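These notes are about the structure you will find just below.
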Amino acid sequence: MVQIPLNFDWHYKAVYEQGDEQGFQGVSVDVPHTVKPIPNGYFDETITHTVASYFKTVTIDKRPEKRYFLRFEAVTSKAVVSINGTSVFEHVGGFTAFLVEITDAIHHGENDVHVKVDAREKDDHPPFGNVVDFLTTGGLTREVALVETEIDFIEYALIDGDQHTLSVRLKGNALTDTVYAIDVRVKDGDETVMAFGNKYALHEAIEFHMPHQLTLWTLKYPKLYHAVVYINNQEVYKTRFGVRTVHADKFHFYLNGEKVFLRGLNRHQSYPHVGYAMPSRAQKDDAEHLKDTLGVIMVRSSHYPPSRHFLDRADEIGLLVFTEITGWQHIGDDDWKAHAINELKALTLEGYNHPSVVIVGTRINESKDDDAFYEKTRDTFKAIDQSRLSGGVRYIDKSHLLEDIYTYNDFSYNGKTNPIKPKRHVTKNKHPYLITEFNGHMFPTKCFDVESRRLEHAMRHFDVLNAAYGSKGVMGALGWCMNDYHTHASFGSNDHVCHHGVNDMGRVDKYAAAAYASQREKPYMNVLSAMHIGDREAGALKRVVVATNCDAVRLYKNSHLIGTFYPNRKQYKHLPHPPVMIDDFIGDAIEREEDFSTKDAKRVKALLLKVMRNDLAFSLLDKLKLGRIMLKYKMNYEDAASLYTRHIGGWGSEGNRFVFEGIKDGKVVKTQTKGRNDAWHIKATTKTTSLYHGDTYDVARIVIEQVNAYDERAVYAGTIVHLKSEGAIDVIGPSQDTLLGGALAVYVRTTRQGQGLLTVESDYGKETIKFTVQ
């Protein structure tokens, strides 16, 4: 089997016309591609509701002993494929791959390929038919390839196993009854570690069950192998896989027999300006961001199957995935349901050899019970795959459980109620139970909101995670959601963006991201405050939260040690790494700097802190205590007010400088400085400057921030930045944009091999990043 990428230089026009199948001169575009650029906010959601045309002339060296196919990774959301002017295939559904045989439609030499893409939201297929809380955009949103095969070939191999036995099922696609010598070799790198085979015709059911001593795939050591299929001693097919087991009981989820708490997030694949049309690197970066930066164990690919590139990276790094069929609350008619069943078959087969995929959602997200339909989806899934668990995400208490796990969206927490519902109120205690969404629309938060709201957003995630960890019979909790995303007018903030993410749409973190990142093992500390009294009610710095996995946090104020503070295990006793709560910013300063006795200095400190926490309200007893001290030290009212200002308020002063040190195993592993600093400048960073212009274009994400010398973002600035690309790269999106929350993530894409240069310029300076494109 040979695959030839067909991702560059498609002719495109946004509105299909009769006769386009014969060819047209449109705009040249590369795949992945969306039918219309999508602004970051405030746009007409119908801009992508179009029937578009894609056309490409492909030269094929057609040989009589071969067969030819087109493979589309995804076309959103309906596709009619024509070859040389004749329609040969129709596909419905925007998130799974499909194969189109074109052998009889092509000839040797140049052949015309046309794809009519219907991106309208028609109610005859999922997720449409009612309101939907996400946009599907549209287009050739994932890659395209020409596939050349033998007359008889292996279409796919399904591989799974337990600790002792490896099972391999081969699905042939045969036009003859020829019997072949078929061998399967399991390889670890270049070394063959297992080999088995026999003689078969490719229209037969082919299965192997062999004992093995392969290393199991785990979260820390995600071991992967390749299975290579040989026919008559010629390599014809290759796939990657890992061996692991999953099961669940009424208490826990188990990976290879070991309990794992499923701490995670949901993910929409929405990207700035392009919707869902992003190539491999962006998809893989998301997986890495979830695992390495946010420290999650599991991600749910809400509410549709993800790109294979995302799953590939999840396999490689040990990130668990809950994938599901496309939909949002609505169930359509029988034809609609048939499309959902077909998609379920496709996503089950696509995910089979991905050890990261451990749960498959066989139910439309948040839909009502429909036992006949959901018995069919369950049975369809289990007929293909019994190595994984099924789930069905609902928001209904006491819903009918037809799947392996009762997966439930718990949006009960409003900041005052219990963070999660008792399991017995939702389903039977004997049922395996996973919370699949929480927070989200209960507390939408923008990256440029006031500090108190951004902090409350983070604390709500901390609260629910803590409650889930401590609740018997809850196997995990997946927060809503990884990042902000494009949505319909009925949702969001009237800007067509749902600001529910712990990151913004460009994957730039909000404070809530720290609730997850602090639970990872790699040293982490984030002070969830800028420490500016002007951002606090009554100018009172009452409490600062430090999200960290450190053993303790030392705080210095103007070089003087205030104290050492420890994780709040009293309030967050179930979390692996509770946040540190700091409510003392005086330390021994009164004792050092004022003319009080040691005993009176402590009394004054206690009084000042109490008054500050009570919003300057004095009880009668507090007034008497303060009056006694004022009398003893001959203080007047101005003296007392000045005392408060120096140690609590700080108004009119040059400002304080706070240094936080994260201590782990007795060593300082993290340091953060806070305070007033006006040395603002632009900073631009990217994970890589080495890009590859290969099967399709490559992309890089650049985070642009306005920061000061303490690396604090200018959260309330609306700074305009100018973007200029030169050489082998282009900016995806406009050449001028605005920082939100003090930051902006932009993507650049490759246009050819060579050198590329991105220049970022604003009133606060200029940054350049050089890229090498191979």
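Numbers below:
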{"item": "Residue-normalised accessible area of segment 648-716, expressed per residue, 1.4 Å probe, Å²", "result": "49"}
{"item": "By accessible area with a 1.4 Å probe, ligands and nucleic acids excluded, highest first: order of S77, S471, S690", "result": "S690, S471, S77"}
{"item": "Per-residue ³J(HN,Hα) for segment 482-489, Karplus 6.51 cos²θ - 1.76 cosθ + 1.60, θ = phi - 60°, Hz, x for Gly and Pro", "result": "4, 8, 4, 8, 5, 8, 7, 4"}
{"item": "Virtual spin-label span in nm between D292 and E594, 7 Å along Cα→Cβ", "result": "5.0"}
{"item": "Neighbourhood charge, 15 Å Cβ-Cβ cut-off, centred on D371 and excluding it, Lys, Arg +1 and Asp, Glu -1", "result": "+2"}
{"item": "About the Cα centre, charge dipole magnitude for segment 431-586 (Lys/Arg +1, Asp/Glu -1 at Cβ), debye", "result": "460"}
{"item": "Of K62/K345; K670/K766; K223/K291, pairs whose Cα-Cα distance is over 21 Å", "result": "K62/K345; K670/K766"}
{"item": "Rg/Rg_ref, the chain, where Rg_ref = 2.2 N^0.38 Å and atoms are Cα", "result": "1.07"}
{"item": "Convex hull per residue volume in Å³, alpha carbons only, for segment 220-312", "result": "153"}
{"item": "Residue-count net charge about S493 - beta-carbon cut-off 12 Å; Lys, Arg +1, Asp, Glu -1", "result": "-2"}
{"item": "Surface/4 of the Cα convex hull for segment 400-551, nm²", "result": "11.3"}
{"item": "Within the chain, percent of DSSP bridges classed antiparallel, to nearest 5", "result": "85"}
{"item": "Degrees between helix 371-384 axis and first principal axis of the chain (Cα, 0 to 90, nearest 10)", "result": "70"}
{"item": "Theoretical ellipticity at 222 nm over the chain - DSSP helices of four or more residues, -39500 (n - 2.57) apiece, nearest 500", "result": "-4500 deg cm²/dmol"}
{"item": "Alpha-carbon centroid distance for the pair segment 712-771 / segment 529-597, whole angstrom", "result": "37"}
{"item": "At q = 0.28, 0.31 Å⁻¹, base-10 log of I(q)/I(0) for segment 293-349 (Debye sum, equal scatterers on each alpha carbon)", "result": "-1.18, -1.32"}
{"item": "Order of exposure, largest accessible area first, which applies to M635, M298 with probe 1.4 Å", "result": "M635, M298"}
{"item": "Per residue value of the accessible surface for segment 446-535 (all protein chains in place, 1.4 Å probe), Å²", "result": "26"}
{"item": "Heavy atoms of H164: accessible area, 1.4 Å probe, square angstrom to 10", "result": "130"}
{"item": "Distance (nanometres) between label positions extended 7 Å along Cα→Cβ at A383 and K522", "result": "4.4"}
{"item": "Diffusion coefficient, µm² s⁻¹, Stokes-Einstein with Kirkwood Rh over alpha-carbon pairs of segment 93-182 at 10 °C and 1.306 mPa s", "result": "89"}
{"item": "Percent antiparallel among DSSP beta bridges (both partners in segment 183-332, rounded to 5)", "result": "80"}
{"item": "Positive dipole terminus of segment 164-233, leading residue within A195, H212, G172 (C-beta point charges)", "result": "H212"}
{"item": "Residue order for E767, E207 - accessible surface, 1.4 angstrom probe, largest first", "result": "E207, E767"}
{"item": "Label point at Y42 placed 7 Å out along Cα→Cβ; residues across segment 717-735 whose backbone nitrogen lies under 18 Å", "result": "717-721, 734-735"}
{"item": "Cut-off 10 Å between beta-carbons: net charge of the residues surrounding N549, Lys and Arg +1, Asp and Glu -1", "result": "+2"}
{"item": "Distant alpha-carbon pairs in segment 702-753 (separation over 18 angstrom), percent", "result": "37"}
{"item": "When segment 627-714 is reduced to its Cα atoms, the Kirkwood hydrodynamic radius in Å", "result": "18.2"}
{"item": "At R0 = 45 Å, FRET efficiency that the Cβ-Cβ distance of K632 and D711 yields, to 0.05", "result": "0.50"}
{"item": "Separation in nanometres of the label points that stand 7 Å from Cα toward Cβ, at S87 and A489", "result": "3.2"}
{"item": "Segment 282-345 - percent of accessible surface contributed by carbon and sulfur, probe 1.4 Å", "result": "42"}
{"item": "Column: log10 I(q)/I(0), Debye, Cα scatterers of segment 380-451, q = 0.18 Å⁻¹", "result": "-0.76"}
{"item": "Over 24 Å (Cα to Cα) - which of K573/K602; K66/K382; K171/K199 fall in this group", "result": "K573/K602; K66/K382"}
{"item": "FRET efficiency, R569 to E375 (Cβ-Cβ, R0 41 Å, nearest 0.05)", "result": "0.35"}
{"item": "Heavy-atom accessible surface of segment 348-398: percent carbon and sulfur, 1.4 Å", "result": "49"}
{"item": "Principal axis dimensions, segment 589-656 - Cα atoms, whole angstrom, descending", "result": "32, 26, 20"}
{"item": "Accessible surface of segment 583-633, 1.4 Å probe, proportion on carbon and sulfur as whole %", "result": "57"}
{"item": "Longest to shortest principal axis, alpha-carbon extents of segment 12-91, angstrom", "result": "55, 25, 22"}
{"item": "Y433 - accessible surface, heavy atoms, 1.4 Å probe, Å² rounded to 10", "result": "0"}
{"item": "Computed Kirkwood radius, in angstrom, where 1/r is averaged over Cα pairs of segment 27-184", "result": "18.1"}
{"item": "Angle between the chain longest axis and helix 598-613 axis [Cα atoms, degrees, rounded to 10]", "result": "50"}
{"item": "For segment 254-391, convex hull of alpha carbons as volume per residue, Å³", "result": "121"}
{"item": "P(r), alpha carbons of segment 74-117 - 10 Å bins starting at zero, rounded %", "result": "29, 51, 19, 1"}
{"item": "C550 accessible area, 1.4 Å probe, all protein chains in place, Å² to nearest 10", "result": "10"}
{"item": "√(5λ) per eigenvalue of the Cα gyration tensor, segment 202-258, largest first, Å", "result": "30, 15, 9"}
{"item": "Gyration tensor verdict on segment 560-709 (Cα atoms; rounded if a/c is under 1.5, prolate if a/b is larger than b/c, oblate otherwise)", "result": "prolate"}
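The values are calculated or read from the model by the stated rules, or taken from the named source; none is laboratory data. Everything numeric here is computed off the predicted structure, so don't read it as measured data. Neighbour counts are summed over all protein chains in view; Cβ atoms, including those assigned to glycine, are modelled from backbone coordinates with ideal geometry. Quick note on the areas: whole protein, heavy atoms, side chains included, nothing else; ligands and nucleic acids left out. Shrake-Rupley method; radii C 1.70, N 1.55, O 1.52, S 1.80 Å.
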